[in-house]
Amino acid sequence: MIIKPRFRDFICVTAHPDGCKKNVDMQIDYVKKAKIRNEFKRVLIIGASTGYGLSSRIVSTFGWDASTIGVVFEKHGTENRTASSGWYNTAAFEERALEEGHYAKTINGDAFSEEIKEKTIKLIKNDLKKIDLVIYSIASPRRKHPITGQTSISALKPIGESFKNKSVNFHTFEVSDVEIEPANDDEIQQTINVMGGEDLEMWVDELLKAKVLEKGANIISYSYIGPQITYPIYRNGTIGKAKEDIERVSKVINIKLKQIEGSAYISINKALVTQSSSAIPVVPLYISLLDKVLKEKNLNEGSVEQIYRLYSEIASGKTTVDKQGRIRIDDREMREDVQKEITELWDQVTTENVQQITNINIFREDFFKLFGFGYDGIDYEKDAVTNTEILNLV
Ligand code: NAD
């Protein structure tokens, strides 16, 4: 099938297997240039198929030579329908990992469910016996509660008062003011139910109960803070409440992990173009400016560079933590000079100059690259195999 991008707003419903493979290969090539010494040889990544989770799996495997189990929630392709990008990423990752002699198995299903937790624990017991590091990197718009069966849907809204600011449509490059009404209490609670820490705590409780965490095991969950410009919609909004909740839960599980001499950490990562961040109003314009300023200062990092740096710091025991004990790899994004330039440009940006003073074109390219489109060296007019299998799917 000849695959073209079919998209609406921040959703692309097709994906290209060869482009997704190229994305995975490029990340592997980056990591392989230097190995990192570490103690973590068996890594469980929950949310392992795109964004930060995929990069964590790649750095674990090709940087640390670790065995990995990845939990993902992706769609298989058929002869006339493409799979999701995370499916193709995982298929490409598994192929390279197995070719190079690494243990890598993938569980595809709802990580929020009891069934997938049980399946994962069974696989650990059978194959790896214990886990040294758990990476929790789920981003989801909804969650079905495993006990009540109720489905919660997350909202991306401010709290208390409406929020008006600039936003850009990254397909038409039109800059306009958006006004977002504040969330009600139910929307806030539902967002916490989806993206807060309850599921993380359930995972850790189950892993501890099954005794599959190695002595000294670590649990790292990813989070985001960001700048003043996005505070009303991000950190002080519904999603920020969920992030506060997961950061609170991380402290709770840190105490629970003392029984195995383990620790729980939050890593605050930088803003990146991912499926999740493209969906948040105001954020694409902010990321377009961030990308420009960081590149001009030679400070830019993609997801694999971020995770490579995180892992290198962990391996050398040199992680920088803030007053709340969170690992900060968003330090370059949050530098005062970087944020000052972004704020100055933010005030000037209009539809007329957005392509000159921001990297909105690159944002759009990066968005399509998430789905495997726009890579050099791939013939997009050629028939592609859409029903690729993931080799080690359990
Ligand atoms: P992403 O959308 O690229 O990846 C999400 C992953 O979660 C995918 O592997 C997907 O398969 C998996 N997933 C979703 N629902 C699932 C379910 N029910 N069961 C199993 N797997 C499921 O997201 P991302 O942007 O890499 O975000 C990952 C984490 O990093 C989030 O906590 C996010 O807040 C954080 N973070 C993101 C950014 C950013 O700018 N993107 C910045 C800092 C921190």
Here are some pairs, K41/K323; K35/K215; K119/K251; K251/K323; K35/K211; which of them have Cα atoms lying more than 18 Å apart in this structure?
K41/K323; K35/K215; K119/K251; K35/K211
Residue among I219, I314, I131 with the largest mean-square fluctuation in a Gaussian network model of the chain, springs linking Cα atoms under 10 Å
I314
Mean separation of Cα pairs under 8 Å and 6+ residues apart, divided by the residue count of region 187-320: what relative contact order is that in percent?
27 percent
With +1 at each Lys and Arg Cβ and -1 at each Asp and Glu Cβ, the charge dipole magnitude of region 45-119 around its Cα centre, to the nearest 20 debye, comes out at 140 debye
Checking I46, I36, I266 against a Gaussian network model of the chain (alpha-carbon springs below 10 Å), the top fluctuating residue turns out to be I36
Kirkwood hydrodynamic radius (Cα pairs, Å) of the chain?
21.5 Å
Taking the highest mean first, how do the peptides 20-27, 74-81, 375-382 order by number of other beta carbon atoms within 10 angstrom per residue?
20-27, 74-81, 375-382
Given a cut-off of under 8 Å on Cα pairs at least six residues apart, what relative contact order in percent is computed for the chain?
24 percent
Hey, what's the Cα Rg ratio for region 42-135 versus the globular rule of thumb, 2.2 N^0.38 Å?
1.04
Simple Cβ-charge dipole of the chain, Lys/Arg +1 and Asp/Glu -1, about Cα centre, in debye nearest 20:
1200 debye
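Since every read-out is calculated from the coordinates, none of them should be taken as a lab result. Computed from a predicted model, the values in this text were never measured in an experiment. FYI the Cβ positions are ideal-geometry reconstructions off the backbone, even for glycines, and counts take in every protein chain you see.
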